[in-house]
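Undergrad: Got a structure here, written out as C-alpha cells. Questions coming.
What follows draws every value from the coordinates through simple rules; no lab data is involved. A quick note: this is a predicted structure, and the numbers were derived from the prediction, not measured. All Cβ positions, glycine included, derive from the backbone under ideal geometry; neighbour counts span all protein chains shown.
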Amino acid sequence: NPQLWLITTVIFLLSYNYFVKESWKKLPPGPWTLPLIGSLPFLGLDIRKPLRKMAAKYGDVFTIYLGSRRVVVLNGYDVIKEAFLKNGHVFSGRPDIFFISGLTKGYGKRLCLGESLARTELFLYFASMFQRFYFKLAPGYSDPDTEGELSITNMPKPFYVILEHQQTE
C-alpha cells in the first residue's frame, strides 16, 4: 500500500529529525537540517560563503551536519586558538569515518612515519627565514587576498613580497 509507505516514511523522518535535534541541545547552535543529508544541499560547491553567513547568524562556534556526520565549525582566530591550545585534549582525536575504515580494511588510520621530521624541517627552515629576512609587500601590489581560490584545497591567490636581509649587529 503506497499511502502506508508514505506515512511510515514521513513518521520515520520526523522522529529521526526530532532525536537528532534532541542530541543538539548540548551542542552549539546551528541551522535547520534535513534528515539523512543534513546541511549539504544548503552549502553548495564553495562552502566558504554559506559558512560565513552561518557564522554571522550563529556566532563563531556553530554546528552543522554534513550528511549524517555532525560537525562543529570554529570560525575565527581567537576561537580556534582557544580550542586547540587551551582545550587541545578535547580536539586531539580524529573521527572514525566508515568510508575510510572500509578502504583501510580495519587496519586503522594511516600515518606517515616521516611527517614529524618533515614538519620539524619546515619549521626550522621558515624560522631561519624569519630570523634573517624582513618580509615587505612589493611596491605597486595590493595586500594578499584572504579569500583564496577554491581548488581541491583552498589555496592563496598569488601575491608578491620583497625579502630584505636583516643586518646583524
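Undergrad: What nm distance separates the two modelled labels at PHE42 and PHE123, each placed 7 Å from Cα along Cα→Cβ?
TA: 3.9 nm
Undergrad: How much FRET efficiency would the formula 1/(1 + (r/R0)^6) give for PHE84 and ASN1, where r is the Cβ-Cβ distance and R0 is 41 Å, rounded to 0.05?
TA: 0.15
Undergrad: A further question follows. Report the full-extension gain for the segment ARG69 to PHE133: residue separation times 0.36 nm, less the Cα-Cα distance, to one decimal in nm.
TA: Numbers: separation 64, 0.36 × 64 = 23.04 nm, distance 4.47 nm.
Answer, rounded to one decimal: 18.6 nm.
Undergrad: So, in nm, how far is label LYS57 from label THR9 when the simple model puts each one 7 Å beyond its Cα toward the Cβ?
TA: 2.7 nm
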